[in-house]
Amino acid sequence: MSHLVAPSLLAADFGNLQQDIEMVNSSKADWFHVDVMDGVFVPNLSIGTPVIKAIKKIARKPLDVHLMMVDPGRYISHFKNLGADILTVHYEACTHLHRTVQQIREQGMKAGVSLNPHTPVSLLEEILPDLDLVLIMSVNPGFGGQSFIPGSLEKIRKLDDLKKKHWLRFDIEVDGGVTLENAKSLVEAGVTVLVAGNTIFASDDPIATIQKLKELS
Ligand code: DX5
Ligand code: ZN
């Protein structure tokens, strides 16, 4: 099956957000990646309720919401009401991850769990059958435009091995420092969803860059 591409709106032009959303609507991209940061779990703040509402009104593709916040379980119905289609929480931020994942699914969203660079994939083995997506952070979360951490590739291979070992179908998403140069090796290692912020929005022709990320020839 071919992989998906999810442009990260964190790198969009927030003064012309509608224009950038319409660009993604008209491109070959599959999802909108929306980063929510609380200034506690990560040392940065991003967007919240009013901006996500505005995005949802214009977006014609699923919203893939990445919560970089402590205690995300308190906000599951909030993000459902804002229009999240995929809701991803961090392993490091959830004491009762299994409960949080069940609640996301009960609300009719796909459930994702993200791992910081230092967190081994083996910690997810027991919960993998309950997940729709695992998000491998290939930078330390909090900022766009950072360099890909090389060890993430091996981590993706390990996760893909676990997926095959247990005959599972969850998506493997990679986020941080994805470029036209490393995207192919990521997909070959098992990635099914490529998130890209700066690679897309800082390029001269974002629509063509999205197409290149889709085709990887
Ligand atoms: C970082 C965010 C990413 C970010 C990726 O914490 O989760 O989604 O936007 O940006 P790039 O692709 O520029 O590294
Ligand atoms: Zn993200």
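The values are calculated or read from the model by the stated rules, or taken from the named source; none is laboratory data. Since we're looking at a predicted model, the values are computed, not measured. Every residue, glycine among them, receives a Cβ derived from its backbone with ideal geometry; neighbour counts consider all protein chains shown. Accessible surface areas use protein heavy atoms only, side chains included; no ligands, DNA or RNA. Shrake-Rupley method; radii C 1.70, N 1.55, O 1.52, S 1.80 Å.
Looking at (1) within 15 Å of ligand 2 (Cβ to nearest atom); (2) open to solvent by 10 Å² or more (accessible area, probe 1.4 Å), find the lone condition where A84 falls short.
The one condition A84 does not meet is (2).
Can you tell me how many residues in the stretch 53-77 are touching a residue at least 12 places away in the same chain (Cβ under 8 Å), among the charged types (D, E, K, R) and more than 17 Å from L135 (Cβ to Cβ)?
Of the residues in the stretch 53-77, the ones touching a residue at least 12 places away in the same chain (Cβ under 8 Å) are 53-56, 58-73, 76-77.
So of that shortlist, the ones also among the charged types (D, E, K, R) come out as 53, 56, 60-61, 64, 71.
Now restrict to residues that are more than 17 Å from L135 (Cβ to Cβ): 53, 56, 60-61, 71.
Result for the stretch 53-77: 5.
Suppose we filter K158, K110, K164 for residues that are closer than 26 Å to A29 by Cα and out of contact with any Pro (no Cβ under 7 Å at 6 or more places or on another chain); which single one remains? Give the steps one after another, and end with the answer.
On the way: K158 fails: closer than 26 Å to A29 by Cα; K164 fails: closer than 26 Å to A29 by Cα.
Selected residue: K110, the only one of K158, K110, K164 that is closer than 26 Å to A29 by Cα and out of contact with any Pro (no Cβ under 7 Å at 6 or more places or on another chain).
Give the stretch 156-191 a look and list any residue that's open to solvent by 10 Å² or more (accessible area, probe 1.4 Å), outside any loop (DSSP other than H, G, I, E, B) and in contact (Cβ under 8 Å) with a residue 40 or more places away in the chain, or say none.
The answer is L162, D171, D175, V187.
Name the residues in the stretch 144-153 that are touching a residue at least 12 places away in the same chain (Cβ under 8 Å) and farther than 19 Å from L133 by Cβ, would you? Give the steps one after another, and end with the answer.
Within the stretch 144-153, the subset touching a residue at least 12 places away in the same chain (Cβ under 8 Å) is 144-149, 151-153.
Listed by number, the residues that qualify are G144, G145, Q146, S147, F148, I149, G151.
V40: within 16 Å of ligand 2 (Cβ to nearest atom) and either open to solvent by less than 70 Å² (accessible area, probe 1.4 Å) or modelled with pLDDT of 95 or more (or both), yes or no? Walk me through how you get there before you give the answer.
Working: within 16 Å of ligand 2 (Cβ to nearest atom): no; either open to solvent by less than 70 Å² (accessible area, probe 1.4 Å) or modelled with pLDDT of 95 or more (or both): yes.
Judged against the criteria, V40 is not a match.
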